[in-house]
Amino acid sequence: MRHVALVAMVFLCLRPVLAAPPPDADPTLEPWFRSLHIPGSMVLCCSMSDCRQVMSRVVGGHYQAFIAEKWRDVPDDRVLTRPDNPTGHAVACWTPFAGVLCFVKAPES
């Protein structure tokens, strides 16, 4: 829990840079994005990191997300079990310093 609190405090200073929505963001999705919390905390994922729709895959039973032109491992404890993903795609909340803070898999097709 201390680690999450430390990460939260460090990234609060970076919030305006990291949490900016993409230029083509759908404003109707904002409430859903604001409902995402870092697992095990009440810290909002999108207040602490850059949340985006991403390509994803499963390798060796674990998720990977394509972020910043690279496949990145998603820690199992960062996967949010959300049946209500309205984006139609996987969503990852990520910072270059802390990695993936939250991940929501794509809706089942």
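Readers should treat all values here as calculations from the given coordinates under stated rules, not as data from a laboratory. Quick caveat, the model's predicted, so the values are computed rather than measured. Glycine also receives a Cβ, built like all others from the backbone with ideal geometry; neighbour counts cover every protein chain displayed.
Near the amide H of Met55, within less than 5 Å, lie the amide hydrogens of Phe66, all on another chain or at least 5 residues away, with H placed in the peptide plane.
Ranked by the mean number of other Cβ atoms within 10 Å of their residues, highest first, the peptides 39-47, 99-107 come out as 99-107, 39-47.
Which of rounded, prolate, oblate describes the range 23-109, given a ≥ b ≥ c as roots of the alpha-carbon gyration tensor eigenvalues and a/c under 1.5 marking rounded, otherwise prolate only if a/b is larger than b/c?
Values: a/c = 1.31, a/b = 1.18, b/c = 1.11.
Here the range 23-109 falls in the rounded category.
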